[in-house]
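Enquirer: One structure, pasted below without further comment.
All of the numbers you see were taken from the coordinates with simple rules; none came from a lab. This is a predicted model, so every value here is computed, not measured. Cβ placement follows ideal geometry from the backbone for every residue including glycine, while neighbour counts extend to all protein chains displayed.
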Amino acid sequence: MPGKKSSPFQLAILIGFGLFLAIGVLLFARFAGFGGEANTIGTVVIWGELNEEAFARAIVKVAEEDGRFRGVTYVQKDSDTFGAGLANALASGEGPDAYLLVQDKIVQDRSKIFPIPYEQLSRRQFMDTFVEEGELFLDEEGVLGLPVAVDPMVLFWNRDIMSGSGYSAPPARWGDLSEMTAGLTTKDAANTVLRSAISFGEYDNVPHAKEILSALILQAGGNIVEKDAEGKYVQKISESVVRNLSAAEISLTYYTNFSNPARASTYTWNRSLRPAREAFAAGDAALYIGFASELPLIQDLNPNLNFDISLLPQANIEEGARQATYARMYAFAYPKNGKNVSGAIEATFLLVNADRAEILPEAWNLPSARRDVLSSPKDGAAEIFRRSAIIARGWFDPSPAATERIFERMIESVTAGSASPKEAVNRADQELGNIISGS
């Protein structure tokens, strides 16, 4: 009707619909193969936890070939305060146009992300392009993040200790580790551990206890939290996989046995020992499980350490058996109230295209998340990282801080003898359900 004013709600709907159409046209042009040469990027600010200098070096190289990237900048944020800082910045309208979303933050960040519609990037196209862990970013409304790099868990091993103990290679299976533990562990007459085979079995001095246990559960065919057919999050940690045993119970029993003094063949670790990474760097532990990104940290701790890297041990290495390692996956996500969402999407799509997909991951010393890039063998540590990225897995974490405490209680209740593995897992199942339901 002439002269009738639009309400704020109607204006918001129109603005949102206009943004959706603009982004849809831009993405269609990008994937349909026409257009894309105009300067549609503009000024784009990206936040993330990964190294800022490495990104800057990479983006300068890209901008030399494509001037559209001259307005793309990256700001490194502290991982401990990133979530709160992002939320505050978005609330005040000062947030980034895109940010690196880690897979364990998908659930808690879901409501503030602009999803890429499946009409522009289909599920099939996404699944054919990125490794399996990337499917965690597939939401009912669209794609929540564009995977760029993977930080998988790997096995660091001391070459001198292994060869000096009569072993020519690191364990490929968890069963191999159990058989090697006694030979790699040094104890005194009082059963005090002087040198450990591996930092396994405790929580406090094992920095990635939650992730290690997650990897064991996923390898055993279980899960922690997944989506059901209706898209709802459901805890699966206590679900049986064999003979009324859950993968979590089997994994928790295996893990905590390494800190049980009553099990002479596998006892190798306790909470009085120095933190796991420090112990490995000092030569006080033969094996250490950590992320690929920790390689330079270990080298800095002890430049003279004679060590190598291998795939995380598996439950079964027979052909066709399920292979898995836990991994952090970094993906570009777009805040709903970003100032230049369309430019951010254009820039990041170009950065993960096949011809540029290795530039940023290589700058961060991490493997790409793209299947086609990972099909080409590498050399040295990069080859182990590549193979690990292919089998990368994760789960829908409803609250990383809260689930960290759940895993802590699950492990420590068993090591303290206050609960059996089954009781600890059942309690964790209930606590996960409480977080998911919001109670």
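Enquirer: Compute the long axis of helix 174-184 from its Cα atoms, compare it with the longest principal axis of the Cα atoms of the chain, and write down the angle in degrees, 0 to 90, nearest 10.
Expert: With rounding to tens, the tilt is 50 degrees.
Enquirer: Roughly how many Å is it from the Cα centre of region 404-421 to that of region 39-100, as a whole number?
Expert: Region 404-421 and region 39-100 have Cα centres spaced 40 Å from each other.
Enquirer: At a 10 Å Cβ-Cβ cut-off, how would you order VAL45, VAL148, fewest neighbours first?
Expert: Ranking VAL45, VAL148 by Cβ neighbours within 10 Å, fewest first, gives VAL45, VAL148.
Enquirer: Would you kindly derive the ³J(HN,Hα) couplings of region 241-253 from the backbone phi angles with the Karplus curve 6.51 cos²θ - 1.76 cosθ + 1.60 (θ = phi - 60°), listing them in order in whole Hz, with x for Gly and Pro?
Expert: 10, 7, 6, 6, 9, 8, 4, 5, 5, 4, 5, 5, 4
Enquirer: A further question follows. Using the beta-carbon distance between ASN353 and GLU404 and R0 = 60 Å, what value does 1/(1 + (r/R0)^6) give for FRET efficiency, to the nearest 0.05? Working shown, then result.
Expert: Values: r = 36 Å, r/R0 = 0.59.
Approximately 0.95, to the nearest 0.05.
Enquirer: With springs only between Cα atoms under 10 Å, which of GLY83, GLY417, GLY183 fluctuates most in a Gaussian network model of the chain?
Expert: Maximum among the listed residues: GLY417.
Enquirer: Which order do the peptides 326-335, 424-433, 89-98, 248-257 come out in when sorted by mean C-beta neighbours inside 10 angstrom, highest first?
Expert: 326-335, 248-257, 424-433, 89-98
Enquirer: Continuing with this model, one more query. For ASP379 and LEU297, compute 0.36 nm times the residue count separating them, minus their Cα-Cα distance, and round to one decimal in nm. Intermediate results must be reported in sequence, preceding the final value.
Expert: On the way: separation 82, 0.36 × 82 = 29.52 nm, distance 2.01 nm.
Length difference between fully extended and current span is 27.5 nm.
Enquirer: Along the charge dipole of the chain, which of ALA389, SER413, ALA363 sits closest to the positive end, that is, farthest toward it, with unit charges on the beta carbon of Lys, Arg, Asp and Glu (+1, +1, -1, -1)?
Expert: Farthest along the dipole direction, towards plus: SER413.
Enquirer: Mind giving me the FRET efficiency for ARG159 and ASP204? R0 is 30 Å, r the Cβ-Cβ distance, nearest 0.05 is fine.
Expert: Working: r = 28 Å, r/R0 = 0.94.
According to the calculation, E is roughly 0.60.
Enquirer: Now, a different point. Would you be so kind as to identify which of PRO117, LEU100, VAL131 lies farthest towards the positive end of the dipole of region 54-142, taking Lys and Arg as +1 and Asp and Glu as -1 on Cβ and the Cα centre as origin?
Expert: Of the options given, the answer is LEU100.
Enquirer: Label points 7 Å out from Cα along the Cβ direction at SER272 and VAL60: separation in nm?
Expert: With each label point 7 Å from Cα toward Cβ, the separation is 5.2 nm.
Enquirer: What is the magnitude of the charge dipole of region 244-332 about its Cα centre, with +1 placed on the Cβ of each Lys and Arg, -1 on the Cβ of each Asp and Glu, and no other charges, expressed in debye to the nearest 20?
Expert: Here the size comes out at about 280 debye.
Enquirer: Hey, another quick one. Rg/Rh for region 193-306 to two decimals, with Rh computed the Kirkwood way over all alpha-carbon pairs.
Expert: 1.06
Enquirer: Using amide H atoms built 1.01 Å from N in the peptide plane, name the residues 5+ places from GLN314, or on other chains, whose amide H lies under 5 Å from its own.
Expert: Answer set, sorted by chain and number: ARG173, TRP174.
Enquirer: Continuing with the same structure: What's the magnitude of the charge dipole for the chain around its Cα centre, counting Lys and Arg as +1 and Asp and Glu as -1 at the beta-carbon? Answer in Debye, nearest 20.
Expert: Using only the charged Cβ atoms, the result is roughly 620 debye.
Enquirer: What are the extents of the Cα atoms of region 292-439 along their three principal axes, in Å, largest first?
Expert: Ordered largest first, region 292-439 gives principal extents of 54, 49, 38 Å.
Enquirer: What is the extension gain from ASN306 to ASN434, computed as 0.36 nm multiplied by their sequence separation minus the C-alpha to C-alpha distance, in nm to one decimal?
Expert: Numbers: separation 128, 0.36 × 128 = 46.08 nm, distance 4.62 nm.
Computed gain between ASN306 and ASN434 is 41.5 nm.
Enquirer: Under a point spin-label approximation (7 Å from Cα along Cα-to-Cβ), what is the ALA189-ALA169 distance to one decimal in nm?
Expert: Modelled inter-label distance: 4.0 nm.
Enquirer: Residue by residue, what Karplus-based ³J(HN,Hα) values in Hz, rounded to whole numbers, does region 420-434 have, using 6.51, -1.76 and 1.60 with θ = phi - 60° and x for Gly and Pro?
Expert: Those phi angles translate into 7, x, 5, 5, 5, 5, 4, 5, 4, 4, 5, 5, 4, x, 5 Hz.
Enquirer: Once phi is turned into ³J(HN,Hα) by the Karplus curve 6.51 cos²θ - 1.76 cosθ + 1.60 with θ = phi - 60°, what whole-Hz value does each residue of region 296-306 show in order, with x for glycine and proline?
Expert: Going residue by residue, I get x, 5, 5, 4, 5, 5, 8, x, 9, 5, 8 Hz, with x marking Gly and Pro.
Enquirer: Tilt of helix 8-32 relative to the longest C-alpha principal axis of the chain, in degrees (0 to 90, nearest 10)?
Expert: 70 degrees
Enquirer: Moving on. Which percentage, to the nearest 5, of the DSSP beta bridges contained in the chain is antiparallel?
Expert: 75 percent
Enquirer: Report the relative contact order of the chain, percent, no decimals, based on alpha-carbon pairs under 8 angstrom and at least 6 residues apart.
Expert: After rounding, I find 26 percent.
Enquirer: Among ASP66, ASP151, ASP284, ASP78, rank each residue by its count of other Cβ atoms within 10 Å, from fewest to most, as a rough exposure measure.
Expert: ASP78, ASP66, ASP284, ASP151
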